[in-house]
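Student: Dropping the structure in here first, questions after.
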Amino acid sequence: METASLYGLSRDLAVSNSMEGILRAITDNIAQTFNRDVVVFLPDRAGTLGPIAATADYHVGENELAVAEWAFKHGQSAGRGTETLPAAQARYLPLRTSSAVIGVLAVRPHDPSRHLAPEGYRLLEGFASQAALAVERVLLSEQAQQAKLLEATEKLQSAMLNSISHDLRTPLVSITGALTSLEDQAEALNEEDRRSLIRTAREETERLNRLVGNLLSMTRIESGALALHRQPEDVQDILRTAVELLGNRAAENPIRVNVPPDFPPIPVDFALIAQVMVNILENAVKYSPPGSPIDINAGEDGATAHIEVADCGVGIPPEEAAHVFEKFYRVQRPENVSGTGLGLSICKGIIDAHGGKIFAMPRAGGGTIIAIELPLAE
């Protein structure tokens, strides 16, 4: 009987790879074998012990929790049937491994007048030993996964810092070079060269300003400090402002806007949605060949406004489409396109804050469509 019961628990624990499955196997097997209520206590990250899994309707009061904490701290059984705190409703067994006590198993009879025989307590100790090993196995697996995740995160952070540092230094080097030339070679420069250097410094300053602005916007989004100032706004005005803000960056790609004349106003934060459109258009320009048009189409279905920006660029590989809105993620083609991978993730944060959706899809004939959906009512 004892061997069969232990084998049944061992089999169920062996096929469970998650903590939830392990705890369910422990509570189910012990409840069936001993006809008792069961609760498993595990410490949280702060080391505070608490009930994690239990059979139905098992309520743990403060007094019972205190007994569980004593068993956990001292690594000894306590409560019902022991010499330590015997007035407790349940028997509390420490889940002990070779290295530490990792939790507590509590078993409470339905009928307080019924006690286990000595061999029943021995079997219960065997169940506790198997349970401890199974819980430790899952905890070690989670720690290994966490270590891998931490290592990958550190590598990603290092790569992101290198990328941002490069993107910050590049315009600074250009600005410094242009200003140095204007200062050191002022007499040797003709008017055309002087204007060219000034234009370079201005363009690189704007580029640096956009980068810093994107970093600040991402910080506001992630900290929850993004405050919306919604007003009914004309989509035509938003798009016109975005195209003006884009300026010379779209000089080689004509932007064609198609918005129905009776398009209803949408309740949005004008400045933030204009920033979204600038980021999307700038992305479209980066990945489009010179001379190819960029189309902006708007429509609505009575409850939702739909805005699509369609380019004729290289397109997004299908396996990367789900990742382009992640922070610092960049499609790796073409290789000569610069950027930090913040633009579309900022767009997603702003659109999410408006209760809308943003997604990417392939354009028929080649290219990419970035589609936005915004509610027409707050």
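Student: Can you work out which of the residues in the range 361-378 that are hydrophobic (A, V, I, L, M, F, W, C) and closer than 19 Å to PRO289 by Cα is modelled with the lowest pLDDT?
Tutor: Filtering the range 361-378 for residues that are hydrophobic (A, V, I, L, M, F, W, C) and closer than 19 Å to PRO289 by Cα, the one modelled with the lowest pLDDT comes out as ALA364.
Student: When you check GLY50 against the structure, is it in a strand (DSSP E or B) and touching a residue at least 24 places away in the same chain (Cβ under 8 Å), yes or no?
Tutor: no
Student: Further, regarding this structure: Residues being crowded, with 17+ Cβ neighbours inside 10 Å, within 18 Å of ALA298 (Cβ to Cβ) and polar (S, T, N, Q): count how many of those fall in the range 244-288.
Tutor: Going through the range 244-288 one residue at a time, the tally reaches 2.
Student: Would you check if there is a residue in the range 104-111 being at pLDDT 85 or above and exposed (fewer than 12 other Cβ atoms within 10 Å of the Cβ)?
Tutor: Yes, because at least one residue in the range 104-111 is at pLDDT 85 or above and exposed (fewer than 12 other Cβ atoms within 10 Å of the Cβ).
Student: Shifting gears a bit: Determine, yes or no, whether ARG80 is crowded, with 17+ Cβ neighbours inside 10 Å, in the same structural domain as ARG36 (by TED's automatic domain parsing), in contact (Cβ under 8 Å) with a residue 24 or more places away in the chain and under 15 Å from VAL38 (Cα atoms).
Tutor: So ARG80 passes the test.
Student: Specify which of the listed residues (ASP37, ASP57) is of a type in the set (Asp, Glu) and either in contact (Cβ under 8 Å) with a residue 60 or more places away in the chain or surrounded by 15 or more Cβ atoms within 10 Å (Cβ to Cβ) (or both).
Tutor: ASP37
Student: Here's a follow-up. Of all residues in the range 240-270, how many are over 27 Å from THR200 (Cα atoms) and either in contact (Cβ under 8 Å) with a residue 24 or more places away in the chain or part of a helix (DSSP H, G or I) (or both)?
Tutor: Of the residues in the range 240-270, 13 are over 27 Å from THR200 (Cα atoms) and either in contact (Cβ under 8 Å) with a residue 24 or more places away in the chain or part of a helix (DSSP H, G or I) (or both).
Student: Now for a different question. Do you know which of the residues in the range 183-226 that are aliphatic (A, V, I, L, M), modelled with pLDDT of 75 or more and surrounded by 14 or more Cβ atoms within 10 Å (Cβ to Cβ) is farthest from the chain's Cα centre (by Cα)?
Tutor: Top of the filtered list is LEU189.
The values are calculated or read from the model by the stated rules, or taken from the named source; none is laboratory data. Being a predicted model, the structure only gives us computed values, none of them experimental. Cβ sites come from the backbone with ideal geometry, for glycine too, and all protein chains shown count toward neighbours.
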